[in-house]
Every structure is written in structure tokens, then in C-alpha cells.
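Data block below; observations after.
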Amino acid sequence: MRKLGTLWIVLLIFSLATRVYAQVSASPSPSVPQTIPTPAARGSPDNPAISLAELAQKPEIVTRLEIFLDQHSFSHGKIDGHWGDFCAKALQRYQLAHGQETGSQLDPAIGRELTEISPLYINYQLNADDFRHVGKAPRRPAEQARVKSMPYRSILDFVAERYHSDETFIRKLNSGRNMKTLKPGDTIRVPNVMPFQIENVQPVENLPLNPALASRTIKVDTRARMLDVVDGDKIIGSYPVTPGSKRLPAPIGTWKIVRITLMPWFRWDKEMLNHGKRSSNFHNIPPGSRNPVGIAWIGLDKKGIGIHGTDNPDMIGRSASHGCIRLANWDVNRVANAVTDGIAVQIF
């Protein structure tokens, strides 16, 4: 009987131990806590969010942002290190195109990309061919019609447009240098953007049709003064414009591209510019970077109306035009190569 009693006690202890083990095994292991990952905070000590309102006092960050946006074909105009409306509009369009939230702060994700731009500036060595694009470019139509071409008016003018920059900004980058005495072989500091190479823009009466670009659309927001190139439902490029004037506004509606001309001649006709009617009093102005319509003319199926470049990038978005859509030369060059004849241009 004593042996049976002992055996019963052993079986009882074993049964209790098995139950305890089963309960412990069913519980999460304390060495591997089961937690749900939480999204990273929008601003962190390592990468704090920056209020857009603060950017006016942060020219170094603004310059990085301008270069970043330009590198991605979301132009704000000329690089100058100043926060403004066009920089804000280009940023917003970039964010929309890349599925990012827009708001009152610079997204930390973009902030990280800005810090990764390296180098921010590069050195450019001037060569003899550069100076062949500089010369006499009169400002009056009658005098312009007497010259063979309309080149840059100074080597600083050439460099600033090549690197999408304000002339004053280039001077600051090269403080202490006399920009009027530059010569072939001299090296200057410029922003790290894709250069606009005037030497590669050859005269073409009408660029060949490119079926691969036929699904694209140009949208011109006359109130925002921005032109967007859209592929499907995605903005692939955005640029500031001068869209007509109060007296001669850009024509609202949907039009089509009928011609893309590089290095165009410009028929300056005051009657045509002011009233849309040709007269016998006109001047034919030769091609060049300082031709009044710049280096490209994207003609629409609306008489006398087109999307074109400029002889004065400082005035983009700030002055009036005669019903046309005017861009900086480096921007109209990108637009001309991103679209083709027959695509829709929506002006609203």
C-alpha cells in the first residue's frame, strides 16, 4: 500500500508540472517581445522638419533645394538662394508627383536628399568656343534686324544661363573675381545642375514627330504662372512662365502643338503683337540666345500664339507677354525635347 501511495503522489506531481509547462509555452517569450512597429516620426532629432516659413532665413538650405528641384526638372526659375513663390510651387509639384504630403514643412525625406547632394558646386573651365557665343546683341528691333545673330551680351550672361542662375548669385560664388576680365582657361564656380549647352542647339525648322511622346499633355496654369508636362496622370516636369498679360492674356482653352522650331527667327511686328494682325512695318530678328523668343518656338494651332524662350530670364513670371507662354531658355529647351507635334496644350 505504501508503494501505491508513493506512485500516486509522483503521478500527481508530474500532471501538475505538465500543465504549468503548457501554460508557460503558450505565452510569448520574454526575450522576443511581440511589438507592432510604429512609423518613424516626421521630424526627429537627427532629421528635424523645417517650416517653409523659416526658409527665408536659411539661404544655404534654399540653394540646395533649388539645385535639387532643378536636377529633377521641377524648375523654380533662376538659382539665387532666395525662397519665393516659384520655389514653393515647384516643391509642391515635386511632392505631388512623388506621392509625398504637401504642407507647411519641408518633408524630412527631402531634407535627407538635400544633404546628399555632392558636390553642391562644381568648377567650370571656360574655353574659346564659349566666347564665340558672346557678342553684340542690340535691344531695339530695328537694330536687331541688322545683325547676323543675337548672342549673349557678356560671358557672365553666358555662364549664368548655362547653369540656370542669377548673375548676382554667380558673382557671389566667385567673390573677388572680376567677371569682366574672364578669358579662356579661367575656372569659375557654378551650381551642380545639368548645363544648358547652347552649342548643342542647332537650327531646326520643325523637330521630327516622336510617337513615344504622343500621350503627354502640357498644362498651363495662368494664375499660378506654371507650366506642367504631364505623362498620363503624373507631372514629369514643371516650369515657371509668363502667360500673356491683362491686355493680351494667354488664350484659355485646349490647343495642339503644330510646330517645334529650334533657333527660330522672330518677325517683330508691333501691329501683330498688339492686335493680332500683320502689317508691312516689321523687322526679322535673327536666331540666338538673345532673340526675343529665345532658343525655341513651340507653335500652337492658335494664330500667333506659342510657347517660347526669352532674351531676359530675370523677367520670367514677373513681366507681361503678348499672349504667348514665355519660359527661361534652359526650361523651354527641356519642354521642347519632352513633347511632340499634335499633343494637347491646356491653358486655364
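Readers should treat all values here as calculations from the given coordinates under stated rules, not as data from a laboratory. Model, not experiment: these values are computed from the prediction. Glycine also receives a Cβ, built like all others from the backbone with ideal geometry; neighbour counts cover every protein chain displayed.
With the crude spin-label approximation of a point 7 Å out along Cα→Cβ, what separation in nm comes out for ILE122 versus SER154?
2.5
In the chain, which helices (entire DSSP H runs) extend 15 Å or more along their own long axis, judged by Cα positions, while averaging at least 0.5 on the Kyte-Doolittle scale?
Flagged H segments are 2-26.
Between ALA344 and TRP265, what is the FRET efficiency for a Förster distance of 22 Å, r being their Cβ-Cβ separation, to the nearest 0.05?
It comes to 0.25.
At 0.36 nm per residue, minus the direct Cα-Cα distance, what do GLN57 and ARG132 gain on full extension? Give it in nm, one decimal, please.
Once the chain is fully extended between GLN57 and ARG132, it gains 23.0 nm.
State, to one decimal in nm, how far the label point of SER175 lies from the label point of ASP221, with both points 7 Å from Cα in the Cβ direction.
For the pair SER175/ASP221, the computed spacing is 3.7 nm.
Starting from the Cα gyration tensor of region 285-324, take the square roots of the eigenvalues, sort them a ≥ b ≥ c, and report rounded, prolate or oblate (rounded when a/c is under 1.5, otherwise prolate if a/b is larger than b/c, else oblate).
It comes out oblate by the Cα gyration axes.
Full extension from ARG112 to GLN197: what is 0.36 nm times the residue separation minus their Cα-Cα distance, to one decimal in nm? Provide the component values of the computation, followed by the final result.
Details: separation 85, 0.36 × 85 = 30.60 nm, distance 2.99 nm.
Full extension from ARG112 to GLN197 adds 27.6 nm.
How many nm separate the modelled label positions at ASN337 and GLU143, each set 7 Å beyond the Cα in the direction of the Cβ?
Label at ASN337, label at GLU143, 3.4 nm between them.
So what's the net charge close to GLY176: Lys and Arg +1, Asp and Glu -1, counting the other residues with Cβ under 15 Å from its Cβ?
Details: positive: ARG171, LYS172, ARG177, LYS180, ARG189; negative: ASP186.
Here the count lands on +4.
Of the listed values (i) 16.0; (ii) 16.9; (iii) 28.7, grab the one calculated as mean projected area of the Cα convex hull in nm² from the structure here.
(iii)
Assign one of three labels to region 265-305, namely rounded, prolate or oblate, based on the Cα gyration tensor with a ≥ b ≥ c the square roots of its eigenvalues; rounded applies when a/c is under 1.5, prolate when it is not and a/b is larger than b/c, and oblate otherwise.
oblate
Subtracting the Cα-Cα distance from 0.36 nm times the residue separation, let me have the gained length for ARG189 to LEU209 in nm, one decimal.
Numbers: separation 20, 0.36 × 20 = 7.20 nm, distance 3.83 nm.
So the extension gain works out to 3.4 nm.
Output the pairs from LYS89/LYS219; LYS58/LYS234; LYS219/LYS303 with a Cα-Cα distance over 25 Å in this structure; if there are none, say none. Please list the in-between numbers first.
Working: LYS89/LYS219 14 Å; LYS58/LYS234 30 Å; LYS219/LYS303 19 Å.
Flagged as over cut-off: LYS58/LYS234.
Please identify the longest segment of the chain free of exposed GluC sites (Glu not before Pro), where exposed means a DSSP state other than H, G, I, E or B and no more than 12 other Cβ atoms within 10 Å.
The reported range is 206-348.
Using a/c under 1.5 as the rounded threshold, could you call region 50-115 rounded, prolate or oblate? The axes a ≥ b ≥ c are square roots of the C-alpha gyration tensor eigenvalues, and prolate needs a/b larger than b/c, oblate otherwise.
rounded
What is the distance in Å between the Cα centroid of region 152-192 and that of region 212-228?
After rounding, the separation between the Cα centres reads 32 Å.
Of MET179, MET272, GLY244, which is farthest along the charge dipole of the chain in the positive direction, counting Lys and Arg as +1 and Asp and Glu as -1 at C-beta?
MET272
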